[in-house]
Structures are given as structure tokens and as C-alpha cells.
Amino acid sequence: MRSVIRIRKRCLRVSLHRTVSVSGGRLDRTIPYNISLGCAMEKPIVLRDTPLTRALHTKIRDQFSSRHTFVTCSDRLVQMLLEEACALLPTEEVTVDTPCGPFQGVRLPEEESLCAVSIMRGADCMLGVVRTMMPSIAVGKILIQRDEATALPQLMYSKLPPDISSRPAVLLLDPMLATGGSAVAALKVLIQQGVEPRKVIFVNVVCAKEGIEAVKAAYPEVRIVTSAVDPILNEKKYIVPGLGDFGDRYFGTDGS
Ligand code: URA
């Protein structure tokens, strides 16, 4: 019993240290002590629930919203999510001189040094906003599909910058995190390319608790930025209440 307590205390100490060293971290990003994993882990960073974010969610979740409404409201949320993700980027301290004196500031990594990776097809919906905000960011793509026979996620295609492992941060994009199967498979591809999990920021619009647990169990150091955590999945593994198929609603492939 005593050794269990010692191990748990050590986990907690390690992760508290990690939290204070995260640049841009805020005090409200507390980390829960996750007993099921036997180790402390960071909670996902969830956009603050404001009338604006709630109104945007009301629009994108309403099955009767037009495609125009769905696209504009989800783009707006993605923009807010990317701002939140950028707050987690590593910074370098710099001093500049204003006309009246020195100012202690910070510099973010150069835009070209960053990489966004789209888990196709859903995350292609997020690329428009990414490229508008950061036109020179590198963009990689990963396509994961479920093998019909085994029901396991299968890597079908990937194209990543060859130097991805030396980049200061990788923004992994997927608007819907349901079971976590595709996300974990995509993370495995990145890690096999030498990317350190602590450098990955997973940017997501709606996630299910099950998906968060799957990602955190496989890669506890990956940070998740989302705008909503929904409770359950249905029998088809769609998020409930969720919003249906994100890609279909965004690209109009749902027959609407
Ligand atoms: N992908 C979607 O588009 N929606 C879900 O609910 C789950 C996965």
C-alpha cells in the first residue's frame, strides 16, 4: 500500500512539473489525478463556455441548419480553437525597445516551422481556417480507414514533411474524436516519424469521453484542445448528442 502511494505521488509530482513548464498554460488548466491510469494526466483544454461558443454549437448541432450556417459557425469555432492551440506553442523570451523603453516579450516559432496534420477527410474541413490564419504552415495528411474484416483502424495513406520530427509543434487536426481509434492510429504514424508526443497538440471541435481516454491512455503527453466534451457514443460510434457526420455536413456529401 505504501509503495502504491509513493508511485502515485511521484506521478503527480512529474505532471505538476510538466504543467508549470508549459508555455501559455493557465492556472485553470488543472490536472486531475487519474486513478484508472495510475498516473496524473492533463485534462483536455476546453474552450470557455460563453454565450458565443454555446450559440455556435447550437447552430452546428442543429440538424436543420443550412450548409452555409454549418460552415461559417464551425469555421469560427475552429479559429477560436487554433488561437487556444497557439497559446500552447513554445516561446522564446526576447526584449524589444519601444520608443520609450525596453519591453520583455516572447517570440513564437516561425510559422513555416510549424506543421498541421489533417486526419482525412473530416479534418480537411479545418484546413481552410488553418491556412488563412497561418498561410505558410506545412500541411501533412493521414488517411485512416476501418478494416471491414477486423474493424481495426488501418493506415491507407500518409504524406508528411520529412523533417516533421524536428519541428517545434505539430497541430493534429480532427473535428470529431469519437472512439479515438483514428486519432491513436494517426498519432502512431507521427511517433514512428520521430515526433515527440509532447509536441503534438490535438485540435478538435467535439470529442467523446471515450476518445479522450483512448488518446490519453496511449499518449498521455499529447495535449487536446476542444470546444465540447460529449458523454457517449451510439451503436454506430457517432458522438451523442454530437452533430452527425462533420465531413458530410461541411462538404455537402450528405445529400443536402
Ligand atoms: N465522425 C463524425 O463525423 N461524427 C461523429 O459523431 C463521429 C465521428
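The values are calculated or read from the model by the stated rules, or taken from the named source; none is laboratory data. Note that the structure is predicted; figures quoted are calculated from it, not measured. Please note: Cβ atoms are built from the backbone with ideal geometry, for glycine as well, and neighbour counts cover all protein chains shown. These accessible areas exclude ligands, DNA and RNA; they are computed on the full protein's heavy atoms, side chains included. Shrake-Rupley method; radii C 1.70, N 1.55, O 1.52, S 1.80 Å.
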Residue 225 part of a loop (DSSP other than H, G, I, E, B), open to solvent by less than 10 Å² (accessible area, probe 1.4 Å) and in contact (Cβ under 8 Å) with a residue 24 or more places away in the chain:
no
Out of 159, 188, which single residue is closer than 15 Å to residue 214 by Cβ and modelled with pLDDT of 95 or more?
188
Determine the pairs where a residue that is open to solvent by less than 30 Å² (accessible area, probe 1.4 Å), located within region 79-103, has a partner that is of a type in the set (A, V, I, L, M, F, W, C) and outside any strand (DSSP E or B) with Cβ atoms under 6 Å apart, the partner being 6 or more residues away or on another chain.
82/133; 89/108; 89/169
Being at pLDDT 95 or above, within 16 Å of the ligand (Cβ to nearest atom), assigned to a loop (DSSP other than H, G, I, E, B) and open to solvent by 10 Å² or more (accessible area, probe 1.4 Å) narrows 194, 244, 255 down to just 244
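Quick one: which of 209, 216, 237 is among the basic types (Lys, Arg), in contact (Cβ under 8 Å) with a residue 40 or more places away in the chain and within 14 Å of the ligand (Cβ to nearest atom)?
Going through 209, 216, 237 in turn, just one is among the basic types (Lys, Arg), in contact (Cβ under 8 Å) with a residue 40 or more places away in the chain and within 14 Å of the ligand (Cβ to nearest atom): 237.
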Taking residue 172 and the conditions (1) open to solvent by less than 10 Å² (accessible area, probe 1.4 Å); (2) away from the ligand (no atom under 14 Å from the Cβ); (3) part of a loop (DSSP other than H, G, I, E, B); (4) not basic (Lys, Arg), which numbered condition does it fall short on, given that it satisfies the others?
(3)
Only one of these is out of contact with any Leu (no Cβ under 6 Å at 6 or more places or on another chain), open to solvent by 70 Å² or more (accessible area, probe 1.4 Å), among the polar types (S, T, N, Q) and at pLDDT below 95: 21, 3. Name it.
21
